[in-house]
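Undergrad: Okay, here's the structure, questions in a sec.
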Amino acid sequence: MEKKMEFIRQHRLFTFYTVLVLLIVLVALFAPYLTPQDPMEGNMKNVLQTPSSEHLLGTDKLGRDTLSRIIAGTQVSLFMTICLVVLLAVVGLLVGIASGYFGGKVEMVLMRFADMMLAFPGVVLAIAIAGILGGSVVNTILALLVVGWAKYARLVRSLVIKLRHNDFILAAQVNGTRTRDILWRHVLPNILPMVVITGAMDIGTMMMEIAGLSFLGFGAQPPTPEWGLMLNEGRQYIQTAPWLMIYPGLAIFIVVAIFNLWGDSLRDVLDPRQE
Amino acid sequence: MKSIQMKKLWKMISAGLAGVLAAGMIAGCGGGGDTAKGGDAKVLKVGVTNFADTLEPTQNFFGWVVMRYGLGECLTKFDEKMNVQPWLAEKWEVSDDKLTWTFKIRDNVKFSNGDALTADIVKASIERAFQKNSRAATFFEYDEIRAEGQNLVIRTKKPLPGMPGFLADPLFIIVDTAAENGRDFSKEGPICTGPYEVESFVKERAVMKKNPNYWDGEVPYEKVEIPSIDDPNTRAMSLQSGDVDVAVNIAAGDIDLFKGNNKFHIDEISSLRTVLARLNQAPGRILSDPKVRAALICGCDRETYNNVLLKGTFIPGKAPVPPSLDYGFDQLKDPNAYNPERAAKLLDEAGWKDTDGDGIREKDGKKLQLDFVVYNSRAELPLYAEAAQSDLKKLGFDIKINTVDYNLVDGMGIKGEYDLLISNITTANTGDPEVFLRWYWKTNVNGDNPQNGSGYSNAKFDETMEKLSVEFDKDKRRALIIELQQILLDDGAALFFGYPQTNIVNSVSVAGVKMLPSDYYWITKDIKPAK
């Protein structure tokens, strides 16, 4: 307990942002219980209502409650983002460790692949891939995964190369430790913090990119309450019902800002080089 | 440590700034309504939607654009009541056996390059359309076309009452075939007889200039700039800000911005269009069961979609042909009017039941899941689709909306790659609904009627269609068309969502802007600077 208090005192900002992040996660987890009305079904007689006590943020073009849709959207957006970032980290780790530790031909092939991916403008390539696959939640994640893994693979590879010739690795090798155990016990724990930091700092960016693809129609499809999609739907009414764009936009802004700040402070806490 | 805090500070500041910027942008958009500039007396700017990649009138439906841009003209045209009127032909007659049509071509017409319009060129131009586009043969087939002086004589294989209307279709725009040697029509635009000629054309933006040899009076503008603004919202904003003087098809969400505003003029009419969802009823498809089709149709509350969601800018749908055309709209009986209880019962009868409690019905282990193909260059289409999706969900349908690019829709329709496919179709492009009904519902035998990719086939319908195609008497034609529509309604052949009012809105600096039921005529010589 004492230690925890000490930690909080030392990292006030981090604690604050963590609480905010946890709040968002809680909203996402309990979204079905928090929505005041059904986010998928509206009363078509009550479309495009201005914000009122009954509908705090108004209703959309099919009479659905905007507040409920934004809350439900937290779940969709956060779920997609977390899936994406975890997948990115896992693929990056696998490819990066393989090419960094084993080197040689494996490295050649994998890294040239990574170079190829890095040579394309990311979002444009993602649009193309999502466009070919057809719009859906899974395809959006796939598209961004294909575009994003190279960055993680490069990072992990450079970390592994730095580690590989350290004495403790050499010692383990001399003692006849199995490669699997070296990677698992010695390499992974040493590079994980950097990967986690990169992942945490990417959450905001990835959320924006997912929303961006949905906005363009390549991501979530109606009637999914996804923020980017809601922005696109609201766009048609920007002059007559601006709340349809303002509130989902605000939701994206707030959540992305919180995750970015949290990622930053997490780096300060975890990254030993900053001390 | 210090530098990190500085960085953080900067991050906060830039985040704040971004917020302010966003707020400013929103406020800026709201203020745009009062800044409409005065129009230029030399240059007309028209905001349009454009689907054409080239200005080759025989390619796909690109002829429509050639005509809309004030470039191409046909032998005949439609007036505001869809009667056929003379245009490049000054009069016509049909022989007693109803097989030979004689069109008298005007003497005083010149192409924009100065060539005189002769019956020989008209002949070559029509033959060119037949040669380059198989759609021409779905209008009429001929034994012979020949030029006799300034007369064009067409001898058809069978009596064709709709002949003058067929020749008003933009596929039969008269082009100067003699000029084709030194000019690539698809890149540089065709040589035609309209008030304007092409200065430059790319899909996103066309510039027309005055045709110095125009035959029908003075051309009012030196130049017409035609940006293609496919997004309806952006089109409305361009008109508000004065970037364009005229904009076509302002959407339901935006029309209130212009109503009652004395800086703009709205010309709104009931169009000849119908918004429908084709239902793929080929064998093996879920919708091949007539009960499921009936359930689908009567599960959609079309009154609400049109009157509430679209704010009355559309008339609720029922039959293939809209009420703006006098083909018995009120006397037609729709067996599948909105009735969700009946829809549920029909699905039960057809064997579709929700056995696993997920809200979606199943039969033989297959989900009641339908693929709904939608494009969104017209604002109402996704709205209809989502509204139907929401209503049908309550009945246990799982409708998957698949948004595709407009250019893919035609091909998907022909190949039948859909369960439902939404379209906004003109029902009387030749003056009456004959062609429309034939294209989409006459039995398609090995691709001889390509537009019917839905697998719909009814011998009674085909037989009645055959009668209609040779009937000259107006009253009898009307009776046959009503009969055809009733067959389609009884079969649940398609889901007719609604009929658009179509509009063209212009700043008051421009006069003479008019929307006709047939939407081929947007830019005409009658659009002039206001005095």
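The values are calculated or read from the model by the stated rules, or taken from the named source; none is laboratory data. Quick caveat, the model's predicted, so the values are computed rather than measured. With ideal geometry, Cβ positions are generated from the backbone for all residues, glycine too; neighbour counts draw on all protein chains shown.
Undergrad: Specify which of the listed residues (B:N113, B:N83) is in contact (Cβ under 8 Å) with a residue 40 or more places away in the chain, surrounded by 15 or more Cβ atoms within 10 Å (Cβ to Cβ) and out of contact with any Ser or Thr (no Cβ under 6 Å at 6 or more places or on another chain).
TA: On inspection, the qualifying residue turns out to be B:N113.
Undergrad: Also, I was wondering about something else. Name the residues in region A:94-106 that are surrounded by fewer than 22 Cβ atoms within 10 Å (Cβ to Cβ), among the hydrophobic types (A, V, I, L, M, F, W, C) and in contact (Cβ under 8 Å) with a residue 12 or more places away in the chain, would you?
TA: If we filter region A:94-106 for residues that are surrounded by fewer than 22 Cβ atoms within 10 Å (Cβ to Cβ), which is where we start, we get A:94, A:97-98, A:101-106.
Okay, now just the ones that are also among the hydrophobic types (A, V, I, L, M, F, W, C), so A:94, A:97-98, A:102, A:106.
Scanning region A:94-106 gives A:I97, A:A98.
Undergrad: Where in region A:8-104 are there helices (runs of 4 or more DSSP H), lying fully within it, with 2 or more residues that are small (G, A, S)?
TA: A:66-97
Undergrad: Could you check B:R278 against (1) modelled with pLDDT under 95; (2) within 30 Å of B:D364 (Cα to Cα) and say which number it fails?
TA: Among (1) modelled with pLDDT under 95; (2) within 30 Å of B:D364 (Cα to Cα), B:R278 violates only (1).
Undergrad: Give region B:252-309 a look and list any residue that's among the charged types (D, E, K, R) and either within 14 Å of chain A (Cβ to nearest Cβ) or under 30 Å from B:N506 (Cβ atoms) (or both), or say none.
TA: Listed by number, the residues that qualify are B:D254, B:D256, B:K259, B:K263, B:D267, B:E268, B:R273, B:D301, B:R302, B:E303.
Undergrad: Just checking, which of A:L84, A:L34 is more than 14 Å from every other protein chain (Cβ to nearest Cβ) and either without any contact (Cβ under 8 Å) to a residue 60 or more places away in the chain or more than 26 Å from the chain's Cα centre (by Cα) (or both)?
TA: Criteria check complete, one pass: A:L34.
Undergrad: Given the criteria under 22 Å from B:P159 (Cα atoms), surrounded by 16 or more Cβ atoms within 10 Å (Cβ to Cβ) and within 20 Å of the chain's Cα centre (by Cα), does B:N449 qualify?
TA: Working: under 22 Å from B:P159 (Cα atoms): yes; surrounded by 16 or more Cβ atoms within 10 Å (Cβ to Cβ): yes; within 20 Å of the chain's Cα centre (by Cα): yes.
Yes.
Undergrad: If I ask for residues that are of a type in the set (G, A, S) and facing chain B (nearest Cβ under 7 Å), which ones from region A:254-270 would you list?
TA: A:A257
Undergrad: Which ones in region B:384-407 are under 20 Å from A:L213 (Cα atoms), within 12 Å of chain A (Cβ to nearest Cβ) and not charged (D, E, K, R)? Steps first, please.
TA: Start the filter on region B:384-407 by keeping residues that are under 20 Å from A:L213 (Cα atoms), which leaves B:386, B:400-406.
Next cut, within 12 Å of chain A (Cβ to nearest Cβ) only: B:386, B:400-405.
Scanning region B:384-407 gives B:I401, B:N402, B:T403, B:V404.
Undergrad: Here are some conditions: (1) touching a residue at least 12 places away in the same chain (Cβ under 8 Å); (2) of a type in the set (K, R); (3) more than 20 Å from B:Y520 (Cβ to Cβ); (4) surrounded by fewer than 16 Cβ atoms within 10 Å (Cβ to Cβ). B:K210 meets all but one. Which one does it not meet?
TA: Against the list (1) touching a residue at least 12 places away in the same chain (Cβ under 8 Å); (2) of a type in the set (K, R); (3) more than 20 Å from B:Y520 (Cβ to Cβ); (4) surrounded by fewer than 16 Cβ atoms within 10 Å (Cβ to Cβ), B:K210 comes up short only on (4).
Undergrad: Suppose the filter is closer than 19 Å to B:L171 by Cα and modelled with pLDDT of 85 or more; does B:L44 pass it?
TA: The answer is no for B:L44.
Undergrad: Please pick out the residue among B:L332, B:L346, B:L370 that is of a type in the set (A, V, I, L, M, F, W, C), closer than 19 Å to B:G492 by Cα and surrounded by fewer than 21 Cβ atoms within 10 Å (Cβ to Cβ).
TA: On the way: B:L346 fails: surrounded by fewer than 21 Cβ atoms within 10 Å (Cβ to Cβ); B:L370 fails: surrounded by fewer than 21 Cβ atoms within 10 Å (Cβ to Cβ).
Answer to the selection: B:L332.
Undergrad: May I pose another question? Which residues, taken from region B:216-233, are of a type in the set (G, A, S) and assigned to a strand (DSSP E or B)?
TA: B:S228
Undergrad: Go through region B:259-294 and give me each residue that's β-branched (V, I, T) and under 20 Å from B:I414 (Cβ atoms).
TA: Going through region B:259-294, the residues β-branched (V, I, T) turn out to be B:266, B:269, B:274-275, B:286, B:292.
Matches in region B:259-294: B:T274, B:V275.
Undergrad: Separate question: If you take the residues of region B:234-251 that are part of a loop (DSSP other than H, G, I, E, B) and not polar (S, T, N, Q), which of them is farthest from the other protein chains (Cβ to nearest Cβ)?
TA: This residue is B:D245.
Undergrad: Pull up region A:221-253, narrow it to residues that are within 10 Å of chain B (Cβ to nearest Cβ), without any contact (Cβ under 8 Å) to a residue 24 or more places away in the chain and part of a helix (DSSP H, G or I), then point me to the one that is nearest to A:P193 (Cα to Cα).
TA: A:F253
Undergrad: Separate question: Those residues that are away from chain B (no Cβ under 12 Å) and on the phi > 0 side of the Ramachandran plot, I need them from region A:37-66; list them, please.
TA: Answer for region A:37-66, where residues must be away from chain B (no Cβ under 12 Å) and on the phi > 0 side of the Ramachandran plot: just A:G58.
Undergrad: Among the residues of region B:212-233, write down those that are within 11 Å of chain A (Cβ to nearest Cβ) and within 27 Å of B:G72 (Cβ to Cβ).
TA: Passing the criteria: B:D231, B:P232.
Undergrad: Return the residues of region B:330-381 that are at positive phi and more than 14 Å from chain A (Cβ to nearest Cβ); say none if nothing qualifies.
TA: B:G351, B:G357, B:D364, B:G365
Undergrad: So, one more: Hey, does region A:115-131 have a residue that's surrounded by 22 or more Cβ atoms within 10 Å (Cβ to Cβ), more than 25 Å from A:L34 (Cβ to Cβ), touching a Gly at 6+ places or on another chain (Cβ under 9 Å) and touching a residue at least 40 places away in the same chain (Cβ under 8 Å)?
TA: There is at least one residue in region A:115-131 that is surrounded by 22 or more Cβ atoms within 10 Å (Cβ to Cβ), more than 25 Å from A:L34 (Cβ to Cβ), touching a Gly at 6+ places or on another chain (Cβ under 9 Å) and touching a residue at least 40 places away in the same chain (Cβ under 8 Å).
Undergrad: So if I check each of B:G162, B:G149, B:G114, which one is under 30 Å from the mean Cα position of the chain (by Cα) and at pLDDT below 95?
TA: Of B:G162, B:G149, B:G114, the one residue that is under 30 Å from the mean Cα position of the chain (by Cα) and at pLDDT below 95 is B:G162.
Undergrad: So which residues in region B:165-188 are more than 22 Å from the chain's Cα centre (by Cα), crowded, with 20+ Cβ neighbours inside 10 Å and assigned to a loop (DSSP other than H, G, I, E, B), if there are any at all?
TA: Of everything in region B:165-188, those that are more than 22 Å from the chain's Cα centre (by Cα), crowded, with 20+ Cβ neighbours inside 10 Å and assigned to a loop (DSSP other than H, G, I, E, B) turn out to be B:V175, B:D176.
Undergrad: Quick check: is even one residue across region B:343-356 at pLDDT 90 or above and of a type in the set (V, I, T)?
TA: No - not one qualifying residue is present in region B:343-356.
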